[in-house]
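Trainee: I have a structure I would like to understand better, so I am pasting it below and will then ask my questions one at a time.
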There are 2 protein chains.
Amino acid sequence: MHCASEFALNFMKAPKRRSQCPISSSLEVWGDKWSLLIVRDLMFNKRFTYGDFLKSEEKISTNILAARLLMLEKNDLIEKLEHPDSKAKVLYQLTQKGIDLIPVIVEINLWAEKYFQLTEEKKFLIKEIKLNKEKFISNSINSLLKD
Amino acid sequence: MHCASEFALNFMKAPKRRSQCPISSSLEVWGDKWSLLIVRDLMFNKRFTYGDFLKSEEKISTNILAARLLMLEKNDLIEKLEHPDSKAKVLYQLTQKGIDLIPVIVEINLWAEKYFQLTEEKKFLIKEIKLNKEKFISNSINSLLKD
DNA sequence: GTATTTTACTTGCAAAATGCAAGTGTAAAT
DNA sequence: ATTTACACTTGCATTTTGCAAGTAAAATAC
């Protein structure tokens, strides 16, 4: 990439961070009630399309979903691909940056297991995590890469 | 506690969860742009009072801070104590449930380190984490308990 | 003892984000 | 050729946020 345009791009991208704190900066990207649910669906629930995300139990509304997908894409957590089945569909996929959120999602699961009542399905997932956390993470990464 | 009132209390408390998903349930408690910053301050920045939280770099506004403190307290992540120095002050402290968020906060730090430019101070903290994650977590827990 | 300052909030209001229902445009299926 | 599927967009009411100012109790200064 050309230097000037790269600079311009980086310059334009900068969305005036509140601080240079890792927690604060992270929250500015995915610190809302919906973004991590999309990430969760892409990570563990085999949901890859706009329609898939709408089917999730939490019932995100269509405009919020569109806004979040754009936000996550702009921040390089997800990318849009052609769907192999149809040109009418859009395939969303986690980028490396998105995949790297697996350890965060894993720890949230472990925390929540201690303090919330969960479905048997979720409890089973967390049982797998507790059996061997590192293995669970590397398996998850592999399952996302080899698609 | 009496059975009927315990039931009533539990019943009243239940804030209609969107789903029984660990991620969704967690986000309903602390999935906003501010809550984890308060937790961070209590955890690592030696900030324990309302005034302390206001001093943080991200500049939370007073009404939002009050609302978040109430929310975190209602959800048992923090508790209010008498301040040893003065009756005018309130000492906020993480509960066990709040302390249990350390691994989540740690993983957010590690993720952010990979994708954001951080201050030297924060980079130092993350270097400590990477040196020995388990040790860092147990040290952090101990430092919060023995106060 | 009185006045000022500190501390932890609350209140009012404008601006932004959210939630719901309906609509649009392109591609696929019938 | 018509209907359905899919990925959005739009309009509008409600809720949440952000900013500025205010309040009340406790501590400090004089």
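Trainee: Only residues in segment B:70-90 that are touching a residue at least 40 places away in the same chain (Cβ under 8 Å) and within 25 Å of B:W30 (Cβ to Cβ) count as the first member; pair them with residues that are of a type in the set (V, I, T) and more than 11 Å from DNA strand C (Cβ to nearest atom), Cβ under 7 angstrom, at least 6 apart or cross-chain, and list the lot.
Mentor: B:L72/B:I38; B:N75/B:V29; B:L77/B:V39; B:L77/B:T95; B:I78/B:T95
Trainee: Right, next: Considering each residue of segment B:72-108, count those that are within 16 Å of DNA strand D (Cβ to nearest atom), within 14 Å of chain A (Cβ to nearest Cβ) and surrounded by fewer than 21 Cβ atoms within 10 Å (Cβ to Cβ), and give that number.
Mentor: 2
Trainee: Looking at the structure I just gave you, is A:D32 without any contact (Cβ under 8 Å) to a residue 40 or more places away in the chain, outside the structural domain of A:N139 (by TED's automatic domain parsing) and within 13 Å of DNA strand C (Cβ to nearest atom)?
Mentor: Yes, satisfied.
Trainee: Condition first: within 13 Å of DNA strand C (Cβ to nearest atom) and within 11 Å of another protein chain (Cβ to nearest Cβ). Can you find one or more residues in segment B:111-129 that meet it?
Mentor: no
Trainee: What is the residue count in segment B:25-58 for residues that are more than 28 Å from A:V39 (Cβ to Cβ) and basic (K, R)?
Mentor: The qualifying residues number 3.
The values are calculated or read from the model by the stated rules, or taken from the named source; none is laboratory data. If you're wondering where the values come from, they're calculated on a predicted model, not measured in any experiment. Every residue, glycine as well, gets a Cβ built from its backbone with ideal geometry; the counts of neighbours run over all protein chains shown.
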